[in-house]
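Asks: So that we are looking at the same thing, I have put the structure below in structure tokens.
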Amino acid sequence: MIWNEELECMSEDEKKQLQLTRLQDVVKKAYENVPYYRKRFEEIGIKPEDIKTLNDVEMLPFTTKTDLREAYPFGMFAVPEDDIIEVHTSSGTTGKPTVSGYTQTDLEIWSEVMARALAMAGAGRKDFIQNAYGYGLFTGGMGVHYGAQKIGATVVPISAGNTMRQLEIMQDFGTTIITCTPSYALYLAEVAEKEGIRKESIKLKAGIFGAEMWTEEMRKELEKRLNIDALNIYGLTEIIGPGVAMECNDKNGLHISDDHFYPEIIDANTLETLPEGKKGELVLTTLTREGMPIIRFRTKDITALRKGKCSCGRTLIKMDRITGRTDDMLKIRGVIVFPSQIEKALLRIEGLEPHYQIVVTRPHHLDEIEVLVENSEKLFSDEVKHVEEAKKMIEDYIHSEIGLRVNVILVEPQSIPRSEGKAVRVIDKREF
Ligand code: DLL
């Protein structure tokens, strides 16, 4: 089912025209209403009138997560605060998060792109969508919710966690579509098997999985174990939340709603724009957002773009599955963690040698972090006499920095490999 045929199946020329008009409009609004953008434009010496063709987007400045953090909380808003009717933040737990502000029109855009996404998974008025993305400041819960309401499906706003209840509701209500992270979906499947829940008592037909990296192998596993079509949804708080892109049943790339979000791929080192089909960093510009227009946001996510008409009939440009990031950001149980945050915590502890390694694993399909640090006599004091106490102290420091419990392992002094080049700080043993 195609939700909005007119906009999802536009001809290349029509779309380019629409994108250009919208780009000119959003650039003008950002320049006129957001001091940050005015300053950046002036530094480079460009004016909104300089945008005459779509390629002129390359003249515009990039926006980074740091820029958004510096504008915390509301410095990027392009409308009076009274017109903002909802806010969300990125899922990191410390430092200042990035804030995303929505006007009424923005919520309508979000509902529209999410309705398209849900329709790609075959959702309609008869479906029961069990929404196991977290409700709250995280965009997953509300994003799916708005889309489900727009198409008139029945949304079950169960939010994340409470696995037994998820499985019970799934059977009692006859859930047809589940929305959650792929790792949680695998956990649900595992618990269902362990509990001896019969496949026939589950009516699921599709799963809409995203918010973290996953692979084709994982897709096969989820499809087999849950007897569903497992589809990939992509999005980020800074741009709108989930619904920036979504896979159709072709299962070969995600359609970006490129009448609302203009994509480019750049070389992360030279910052040059790369041609279609080349892998690089995804850069997104919001074409229609009112509350918080974002120009050329560097997502740090690695993918490639592919134009052309899809077998499903849509002409929305496609992006490949995300295969990595240009920075070292980790998503642990949906929460954004940078290794530098752990480093910061370790450096606050007197006597600790700053050699460490972070090992991320996924036992029982839930992410766990182990932090290996070197034992040292200097760690011990009147209060900290035993290894267990030292371990607990370090774990507490890390917890206060990242908001997650980790398992600290004290290893022999000098046993963490020293490196001559870039230190290998993270060993990610999860299967993506
Ligand atoms: O994760 C929004 C979302 C919610 C997307 C529900 C899909 C479903 P943030 O917490 O701001 O927003 O994290 C955004 O997550 O830059 C990617 O690195 C990663 N990410 C999101 N979806 C995918 C995906 C939400 N399908 C960051 N594949 C992004 C790989 C993904 N990575």
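Asks: Between a first residue in the stretch 105-129 that is free of Cβ contacts under 8 Å to residues at least 60 places away in the same chain and a second residue that is of a type in the set (F, W, Y) and crowded, with 19+ Cβ neighbours inside 10 Å, which pairs have beta carbons less than 7 Å apart while being 6 or more apart in sequence or on different chains?
Replies: Once the first residue is free of Cβ contacts under 8 Å to residues at least 60 places away in the same chain and sits in the stretch 105-129, its partners that are of a type in the set (F, W, Y) and crowded, with 19+ Cβ neighbours inside 10 Å give L107/Y146; S111/Y146.
Asks: If you check I197, I129, which single one turns out to be surrounded by fewer than 19 Cβ atoms within 10 Å (Cβ to Cβ) and of a type in the set (V, I, T)?
Replies: None of the other options fit; the residue is I197.
Asks: In addition: Within the stretch 303-330, which residues are open to solvent by 40 Å² or more (accessible area, probe 1.4 Å) and within 10 Å of the ligand (Cβ to nearest atom)?
Replies: The answer is T323, R325, D327.
Asks: Among V384, V408, V373, which is among the β-branched types (V, I, T) and either over 15 Å from E350 (Cβ atoms) or part of a helix (DSSP H, G or I) (or both)?
Replies: Answer to the selection: V408.
Asks: Ok, one more. Out of V371, V360, report the one residue that is modelled with pLDDT of 90 or more and more than 16 Å from the ligand (Cβ to nearest atom).
Replies: V371
Asks: Out of the residues in the stretch 24-77 that are over 18 Å from E290 (Cβ atoms) and among the aromatic types (F, W, Y), state the one that is most open to solvent (accessible area, probe 1.4 Å).
Replies: Ranking the candidates gives Y72 first.
Asks: Please tell me if G243 is open to solvent by less than 10 Å² (accessible area, probe 1.4 Å) and within 14 Å of the ligand (Cβ to nearest atom).
Replies: Criteria met by G243.
Asks: Collect the residues in the stretch 359-401 that are open to solvent by 30 Å² or more (accessible area, probe 1.4 Å), more than 30 Å from the chain's Cα centre (by Cα) and in contact (Cβ under 8 Å) with a residue 40 or more places away in the chain, keeping them in residue-number order.
Replies: Residue satisfying the conditions is M393 alone.
Asks: Would you confirm, using the coordinates I've provided, whether G196 is more than 16 Å from the ligand (Cβ to nearest atom), without any contact (Cβ under 8 Å) to a residue 12 or more places away in the chain and of a type in the set (G, A, S)?
Replies: Yes: the conditions hold for G196.
Asks: If I filter the stretch 6-23 down to residues being open to solvent by 50 Å² or more (accessible area, probe 1.4 Å) and of a type outside the set (S, T, Y), which single residue comes out as farthest from D56 (Cα to Cα)?
Replies: E6
Asks: Is it true that E238 is of a type in the set (D, E) and out of contact with any strand residue (DSSP E or B) (no Cβ under 9 Å at 6 or more places or on another chain)?
Replies: Taking the combined requirement at face value, the residue does not satisfy it.
Asks: Shifting gears a bit: Could you figure out which of (1) assigned to a loop (DSSP other than H, G, I, E, B); (2) farther than 12 Å from P293 by Cα; (3) within 24 Å of the chain's Cα centre (by Cα) isn't true of M1?
Replies: Going through the list (1) assigned to a loop (DSSP other than H, G, I, E, B); (2) farther than 12 Å from P293 by Cα; (3) within 24 Å of the chain's Cα centre (by Cα), M1 breaks only (3).
Asks: Hey, Y187 hits all of (1) within 12 Å of the ligand (Cβ to nearest atom); (2) in contact with a Ser or Thr (Cβ under 7 Å, 6 or more places away or on another chain) but one; which does it fall short on?
Replies: Unmet condition: (1).
Asks: Is at least one residue of the stretch 164-175 touching a helix residue (DSSP H, G or I) at 6+ places or on another chain (Cβ under 7 Å) and within 13 Å of the ligand (Cβ to nearest atom)?
Replies: no
Asks: Return the total of residues in the stretch 172-193 being more than 17 Å from G161 (Cα to Cα), open to solvent by 40 Å² or more (accessible area, probe 1.4 Å) and touching a residue at least 12 places away in the same chain (Cβ under 8 Å).
Replies: 2
Asks: Taking the residues in the stretch 275-291 that are open to solvent by 50 Å² or more (accessible area, probe 1.4 Å) and more than 20 Å from R22 (Cβ to Cβ) as candidates, determine which candidate is nearest to the ligand (Cβ to nearest atom).
Replies: Out of the qualifying residues, it is K279.
Asks: Could you check the stretch 218-281 for strands (runs of 3 or more DSSP E) lying wholly inside it with 1 or more residues that are aromatic (F, W, Y) and over 18 Å from L118 (Cβ atoms)?
Replies: Ranges flagged: 261-266.
Asks: Give me the pairs, please: first residue somewhere in the stretch 311-325 and farther than 21 Å from I265 by Cα, second residue anywhere and within 16 Å of the ligand (Cβ to nearest atom) and among the aromatic types (F, W, Y), beta-carbon distance under 6 Å, and either six or more positions apart or on two chains.
Replies: Pairs that qualify, where the first residue is farther than 21 Å from I265 by Cα and the partner is within 16 Å of the ligand (Cβ to nearest atom) and among the aromatic types (F, W, Y): there are none.
The values are calculated or read from the model by the stated rules, or taken from the named source; none is laboratory data. Predicted, not measured: the structure shown is a model, and the values here were computed from it. When we count neighbours, we look across all protein chains shown, and the Cβ atoms used for this are built from the backbone with ideal geometry, even at glycine. In case anyone asks, the SASA skips ligands and DNA or RNA and just uses the protein heavy atoms, side chains included. Shrake-Rupley method; radii C 1.70, N 1.55, O 1.52, S 1.80 Å.
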